[in-house]
Amino acid sequence: MQKKDLRFLKDLVEAPSPSGYEQPAARVFRERLALSADSVETDVLGSVHALLEGMRPDGVSVMFAGHIDEIGLMVNFITPEGYVAFSAIGGVDAAILPGMRVRVHTDDGSILGVMGRKPIHLIESEERKAVTKIEKLFIDIGLSADDAKRRVSVGDPITFDVGMEEFGDGMAVSRAFDDKMGAFIAARVLEEVKAAGGASGACVAAATVQEEIGLRGGITSAYGICPDVGIAVEVCHATDYPDIDKRKHGDFECGKGPVIARGPNINPVVFDLLVKAADKAKVDYQVGAEPRGTGTDANPIQLSRGGRAAALVSVPLRYMHTPVEALALSDIDASVRLLTHFVLDLAPGTDFTP
């Protein structure tokens, strides 16, 4: 991955953007594609759509959707002593919160906070066996009660205070790879298609919002854009670390290429074309079984209007919905090559009827 692209990925994942508060990540996405796309628009929900016009009127239009919202927290109450009580935005695991540093994002900037609870010395032995409930935790922002209430407002979003770093052999760790990495891939595919002279049909890189709380941006973007083909670009659960049951969850390894989903949420014609594109691009890939709706933006894409040809391409991710989500950067690059070939090879008039 080139340094400028690595910088873009880092800026995107580090931009604070819990569901409903995606504006900082949307800004990064818009600025990156301002010179590559023919148009960049933001809808009323906050999703960003970058369009590259097609070369032929009968070309097949393709939308790549990666959501830019992340899980997070929200200020719910400020105690008389100046501590911050909070609620979860999306699927937050309460077990990982004690002892964590966080950022409270206010109208005047961000404030460092630490997740507090009673130390182990003061916790009864039976209580130690249970996960502390979110409503029993609090955030210490180191301010007096008056200053806390002056600077922090109910509804302010909160993110984990960690950023992106490279580690090991080609690995990277960050919060919010789920799924700003998907938006990164969508943007890079549009750039590569542009560099290749364009495709026969229109290409849209969609940075969707509010996926973590109900696929909401995917619903509105799929309806508004109405592409012939819509591909959700997501993360999936890597199963290459201890205590994961591969018989139940499949066999997906970091560094072995993107995962092409197969199942009722996936148009079989698009699946076959993705496999052919991977072979042509000489990209290693893995196949994921999805026996029902995938729980990604591929769901609303498939069901939009009279139905769209939908697919799902994912990058294996370790430790999803934690501050230490880990992936192989090579899988991101491979996904870009795969999807770029898919778009460039898509013949006008392709029939996606099963």
Quiz item: To the nearest 500 deg cm²/dmol, what mean residue ellipticity at 222 nm is calculated for the chain from DSSP H runs of n ≥ 4 alone, each contributing -39,500 (n - 2.57), summed and divided by the residues?
Solution: -8500 deg cm²/dmol
Self-check item: Ordering of 61-68, 151-158, 112-119 by burial proxy (mean other Cβ atoms within 10 Å per residue, highest first)
Solution: 61-68, 151-158, 112-119
Quiz item: Ignoring ligands, DNA and RNA, what percent of the accessible area of the chain is carbon or sulfur (1.4 Å)?
Solution: 50 percent
Quiz prompt | Difference of contour (0.36 nm per residue) and Cα-Cα distance, Y241 to K149 | solution = 28.7 nm
Quiz prompt | Distance (nanometres) between label positions extended 7 Å along Cα→Cβ at A196 and V324 | solution = 3.8 nm
Quiz item: Could you give me the ³J(HN,Hα) list for segment 214-223, computed from phi with Karplus coefficients 6.51, -1.76, 1.60 and θ = phi - 60°, whole Hz, x at Gly and Pro?
Solution: x, 6, 5, x, x, 5, 6, 5, 4, 5
Quiz item: For segment 203-354, what is the percent of antiparallel DSSP beta bridges, rounded to the nearest 5?
Solution: 20 percent
Quiz item: Based on the alpha-carbon gyration tensor of the chain, what equivalent-ellipsoid semi-axes (square roots of 5 times the eigenvalues) come out, in whole Å, largest first?
Solution: 38, 22, 17
Self-check item: Inter-site label distance for R305 and L35 at 7 Å from Cα along Cβ, in nm
Solution: 3.4 nm
Quiz item: What trypsin sites (Lys or Arg not before Pro) in segment 285-354 are in a loop by DSSP, with at most 12 other Cβ atoms within 10 Å of the Cβ?
Solution: R292, R305
Exercise. Enumerate the lysines that K133 could reach by cross-link, defined here as Cα to Cα under 26 Å, with residues fewer than 8 away along the same chain left out.
Key: K118, K149
Quiz item: Quick one: which of 74-84, 293-303 comes out on top by average Cβ neighbours within 10 Å, and what's the full order, highest first?
Solution: 293-303, 74-84
Self-check item: Average accessible area per residue (Å²) across segment 256-354 - probe 1.4 Å, nucleic acids and ligands excluded
Solution: 41 Å²
Practice problem: May I ask you to list the GluC sites (Glu not before Pro) in segment 106-192 that are in a DSSP loop and have at most 12 other Cβ atoms within 10 Å of their Cβ? | Solution: E124
Quiz item: Are any of the pairs K3/K180; K136/K246; K3/K276 more than 26 Å apart by Cα-Cα distance, and if so, which?
Solution: K136/K246; K3/K276
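The values are calculated or read from the model by the stated rules, or taken from the named source; none is laboratory data. Since we're looking at a predicted model, the values are computed, not measured. With ideal geometry, Cβ positions are generated from the backbone for all residues, glycine too; neighbour counts draw on all protein chains shown. Just the protein is used for accessible areas: all its heavy atoms, side chains included, with ligands, DNA and RNA removed. Shrake-Rupley method; radii C 1.70, N 1.55, O 1.52, S 1.80 Å.
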